[in-house]
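*Asks:* Below is one structure. I have some questions about it.
The values are calculated or read from the model by the stated rules, or taken from the named source; none is laboratory data. Remember, predicted model here, so these are calculated numbers, not experimental data. Cβ sites come from the backbone with ideal geometry, for glycine too, and all protein chains shown count toward neighbours. All accessible areas refer to the heavy atoms of the entire protein, side chains included, with ligands and DNA or RNA removed. Shrake-Rupley method; radii C 1.70, N 1.55, O 1.52, S 1.80 Å.
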Amino acid sequence: MNILIKSATIIDSKSEFHNSTQDVLIENGVITMISKSIKNPNNYKEIKRDNLHISQGWFDSSVSFGEPGYEERETIENGLKTAAHSGFTAVAVNSNTNPVIDSNSDITFLKSKANKNAVELLPIGALTIGSKSEYLAELFDMRSAGAVAFYDYKKPISNPNLMKIALQYASNFDGLVCSFPQENKIAGHGVMNENVTSTKQGLKGIPALAEELQVARDLFLLEYTGGKLHIPTISTATSVALVREAKKKKLNVSCSVAIHNLYFTDEVLTDFNTNFKVLPPLRTQTDIEALIEAVKDGTIDMVTTDHSPIDIEEKKIEFDHANYGTIGLESAFGALQNIFTTKKTIEVLTKGKTRFGLEQTPIQIGNTANISLFNPDEKYEFIKSNIISKSKNTIFENETLKGRVYGIIAKNKAVLN
């Protein structure tokens, strides 16, 4: 693949060309020249776009597809297509399929389905067999096949001894253990944040305490065992404080936040719109402010779309019975641009790579091209026609977003909008 990118502003703090507008020549998937003006004697394909910006390829640490078992929600092929058109060159894919991804052969299957795609699929294996929280899955075997982490998606490990053993065992091969932050005995049958809005709506609430107890427990276990812990999608101010304190102690912990938990409060749940039913639930403005500050100061290591396609039959029902989850890949960049500066948006979309075993790929001469292309300033209303996913359960429908994605260049392929 040979491409000449014309007049692109480079946003990449790891590159000597950061904040400059350059032409970028890519030959056979490798950046061979970066200059103010590059002629095109070989008649390569040129990429020209309004207000074109480029950065290192973006990474999402928590994406769910449906294959195998729930292909009506999403297939691997269409899911990776969605990621590419949304600006992502790599996605870590959760194990919540049918059957659950909990063995060496399951990991091999996922990787084989994606090996010719421009987007890198990083499989996350289940932490326990069948994600039933009873017995550890084949962690080392899955790691050998290419699993980058181990996580029972949205299912907390209720047995602290099992979590202790997981951290100890995975530390033998530098494995990353993920633990969903919710104590189910406190959460009970709650369906949204426990607050004034839940009382007004007559819905059972999930207290912030349910998350915070689990975060505190897991951090105590990490301090005891050593090992490597990732806490996905924290949502409360106290969780932020707990993680911040753990990092001061030099514990090997990272965490993420879902973009929608930075964007919406529980007050949007006044008309029982099930697209707003997510887990962890939408919290308060105080929580949002603490989460945003934690992203800015680095306490929160990465943001995620927590992309979770759900069939319409599982959403167009009573709020109590609807499935949790929202898709988020297509709206990710535009939503983040409403919260952060472009420089910070790009930082949080790229900095989680190394935690999940990916190398940084600065935009430098001689490096493999792994690039996201975008216009950071264009505003538009996010509507159904913007959705590429098979499922349409988006929390951002009808929101005005800022920033248009032009596509990606990765693995010697270009996927352009």
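*Asks:* Residue 378 to residue 35: FRET efficiency via 1/(1 + (r/R0)^6), r the Cβ-Cβ distance, R0 25 Å, to the nearest 0.05?
*Replies:* 0.40
*Asks:* Over the chain, what relative contact order in percent results from Cα pairs under 8 Å that are six or more residues apart?
*Replies:* So the answer I get is 19 percent.
*Asks:* Scan the chain and report its longest stretch carrying no GluC sites (Glu not before Pro) that are both in a DSSP loop and have at most 12 other Cβ atoms within 10 Å.
*Replies:* 135-317
*Asks:* For segment 281-417, what is the per residue volume of the convex hull drawn over the alpha-carbon atoms, in cubic angstrom?
*Replies:* Dividing the Cα hull volume of segment 281-417 by its residue count gives 145 Å³.
*Asks:* Please work out how much length the chain gains when fully extended from residue 416 to residue 289, using 0.36 nm per residue of separation minus the C-alpha to C-alpha distance, in nm with one decimal.
*Replies:* Gain on stretching residue 416 to residue 289: 42.2 nm.
*Asks:* Tell me which aspartates and glutamates have Cα within less than 15 Å of residue 185's Cα, excluding those fewer than 8 residues away on the same chain?
*Replies:* Within the straight-line limit of under 15 Å, residue 185 reaches these aspartates and glutamates: 194, 211, 212.
*Asks:* With θ set to phi - 60° and the Karplus curve 6.51 cos²θ - 1.76 cosθ + 1.60, what are the ³J(HN,Hα) couplings of segment 176-185 in order, to the nearest whole Hz, using x for Gly and Pro?
*Replies:* These are the phi-based 3J(HN,Hα) values: 9, 9, 10, 9, 5, x, 8, 9, 5, 5 Hz.
*Asks:* Quick one: if you stick a label point 7 Å off each Cα along the C-beta vector at residue 317 and residue 354, how many nm between them?
*Replies:* Reported label-point gap for residue 317 and residue 354 is 4.5 nm.
*Asks:* When Rg is the radius of gyration of the Cα atoms in the chain and Rh is its Kirkwood radius, what does Rg/Rh come to?
*Replies:* On the Cα set of the chain, Rg over Rh gives 0.96.
*Asks:* Relative contact order for segment 182-299 using alpha-carbon pairs under 8 Å, separation at least 6, rounded to a whole percent?
*Replies:* Reported as a whole number, the value is 26 percent.
*Asks:* Still on this structure, please answer the following. First measure r as the distance between the Cβ atoms of residue 245 and residue 48, then evaluate 1/(1 + (r/R0)^6) with R0 = 41 Å and state the FRET efficiency to the nearest 0.05.
*Replies:* 0.25
*Asks:* Could I ask something else about it? Which of the residue pairs 343/413; 154/353; 200/228; 249/343; 228/316; 111/154 have a Cα-Cα distance greater than 32 Å in the structure shown?
*Replies:* 200/228; 228/316
*Asks:* Sort 88, 272, 220 from largest to smallest accessible area, using a 1.4 Å probe on the heavy atoms of the protein chains.
*Replies:* Output order, biggest surface exposure first: 220, 272, 88.
*Asks:* Sticking with this structure for a sec: Can you list residues from other chains, or at least 5 along the same chain, whose modelled amide H is less than 5 Å from the amide H of residue 120?
*Replies:* Answer set, sorted by chain and number: 90, 91.
*Asks:* How many percent of the accessible area of segment 184-244 is carbon or sulfur, using a 1.4 Å probe?
*Replies:* Its accessible area is 59 percent carbon and sulfur atoms.
*Asks:* For the pair residue 209 and residue 21, what calculated FRET efficiency results from E = 1/(1 + (r/R0)^6), where r is the Cβ-Cβ distance and R0 = 41 Å, to the nearest 0.05?
*Replies:* Calculated value: 0.25.
*Asks:* Related question: With charges only on Cβ, +1 for K and R and -1 for D and E, what is the dipole size of the chain about its Cα centre, in debye, rounded to 20?
*Replies:* Its charge dipole is roughly 980 debye.
*Asks:* With a 1.4 Å probe and every protein chain left in place, work out the accessible area per residue of the chain in Å², rounded to a whole number.
*Replies:* 39 Å²
*Asks:* Any idea how far apart residue 273 and residue 116 come out in nm if each label point goes 7 Å out from Cα toward Cβ?
*Replies:* Modelled inter-label distance: 4.0 nm.
*Asks:* Continuing with this model, one more query. Taking amide H positions as placed 1.01 Å from N in the peptide plane, with prolines and chain starts having none, which residues 5 or more places from residue 377, or on another chain, fall under 5 Å of its amide H?
*Replies:* Residues meeting the criterion, in which the H sits 1.01 Å from N, are 404.
*Asks:* Continuing with this model, one more query. Using DSSP to call loops (not H, G, I, E or B), can you name the trypsin sites (Lys or Arg not before Pro) in segment 41-135 whose Cβ has at most 10 other Cβ atoms within 10 angstrom?
*Replies:* Listed in order of number, the matching sites are 48, 116.
*Asks:* Contour minus end-to-end for residue 134 and residue 184, with contour as 0.36 nm per residue of separation and end-to-end as the Cα-Cα distance?
*Replies:* Result for the pair: 16.5 nm of gain on full extension.
*Asks:* Using only protein heavy atoms and a 1.4 Å probe, report how much of residue 256 is accessible, in Å² to the nearest 10.
*Replies:* The accessible area comes out at roughly 0 Å².
*Asks:* Which value in deg cm²/dmol, rounded to the nearest 500, describes the helix-derived mean residue ellipticity at 222 nm for the chain, given -39,500 (n - 2.57) per DSSP H run of n ≥ 4 and division by the residue count?
*Replies:* -7500 deg cm²/dmol
*Asks:* Now for a different question. For segment 401-415 and segment 134-209, what is the separation of their Cα centres, given in Å?
*Replies:* The two parts, judged by their Cα centres, are 33 Å apart.
*Asks:* For labels at residue 98 and residue 144 in the simple 7 Å Cα→Cβ model, what's the distance in nm?
*Replies:* In this crude spin-label approximation the distance works out to 3.1 nm.
*Asks:* Kindly sort 106, 50 by accessible area of their heavy atoms, largest first, with the probe set to 1.4 Å.
*Replies:* Of 106, 50, the descending order of accessible area is 50, 106.
*Asks:* Which of the peptides 405-413, 384-392 is most tightly packed, and how do the rest follow, judged by the mean count of other Cβ atoms within 10 Å per residue?
*Replies:* Per-residue Cβ counts within 10 Å, averaged per peptide and sorted highest first, yield 405-413, 384-392.
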